Each structure stands twice: as structure tokens, then as C-alpha cells.
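What follows is a single structure, written as C-alpha cells, with notes after it.
Readers should treat all values here as calculations from the given coordinates under stated rules, not as data from a laboratory. Every value quoted in this text rests on a predicted model; they were computed, and no experiment measured them. Every residue, glycine as well, gets a Cβ built from its backbone with ideal geometry; the counts of neighbours run over all protein chains shown.
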Amino acid sequence: MNYRDARKLARKVEHRFGLPGDATLRFIHEKLEAQRGRTITVAEVPGLSGTELCGLWLICADRDIVLHAPVKSNWHRQQIILHEFSHMILGHDLHSQSNESVNSLLPDLDGEQVLRALARSSYTDDSELTAEALADQLATRIINSEVGAPPEPLAFRKVFG
């Protein structure tokens, strides 16, 4: 699959997900929790390097956990989280994955608690490429949203469109 095909698929899935015109990361988080019927915890893990592994989605029996490497900006943090959320929206947890990365990165975590893990490391396979395409679209929607945007001086958008 190439990026263009991944974007087409991501657009279809985004439409089915049914976001309002103005969306935020928090709204997407809450919608996913409601849709999945489980809590989704997001946390930074200082031990992740951010070079080989930026994000990790742990699928536990009672909840989902999204872990991410330390980042230098909120935009980068948001993109990593949106990528992991995109895996959820795309239903990638329905595919079997290995827990080797969990056991090596988080040895203190009880491996019995984690059913599956999806790690963001490269975009060489279709699921990673599609998740990144969807994350890009969700990020664009958030950026273009007026929710939480600071007021513009002299109503610039109203005057100039």
C-alpha cells in the first residue's frame, strides 16, 4: 500500500468515526473510551528513546494504555497519541501482536495483564502507514478547529474569511 491509498482508507474510516467539525484530542479520547467501553490511559515513559520506538499501545483485559516517549513539543506528543488512537479507530487490536516489546521495555509490568501490544516504530507495513495517515488527518482537523483557539484580534477571520 502506498501513502495515497492509506489516506483514502483513512478518510473513509475518519468519516465513519463521526467527529464533529470542531474536534480536540480530548474529544477524540473520550469518544474512543465510549466507543470501546473502557478507559484509555495516556502516559509518558522516560525509558522510551523516541528514536526506535515513539509510542506503544497496550491492550489489557480491562483498559487500554497509550505510552509515549518524552517529547519536546505538545504537537509531537499529540501526533504520537493520535497515531495510537488511529490504531484503535482502525480496529488494529483485532489482529494478533507480540508482547516481546512490552516485556523488554517495561519489565516491571505484569505480562499476564497485557493481552496484546502495538508499537509505533516504523511505517513499513500497511497498518502503520494507515494509522499515520489517519493521525495526520485527525491532527489537521484539530488544528483547523476553533475549539479552544484564542480569540483573534479585530475578528480577522470574520473580515477576511
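Quick notes on this structure:
- Report note on the peptides 80-91, 23-34: ranked by the mean count of other C-beta atoms within 10 Å, highest first, their order is 80-91, 23-34.
- Footprinting exposure proxy for 136, 22 (fewest neighbouring C-beta atoms within 10 Å first): 22, 136
- The length gained on full extension between residue 15 and residue 145, counted as 0.36 nm times the residue separation minus their Cα-Cα distance, comes to 45.2 nm.
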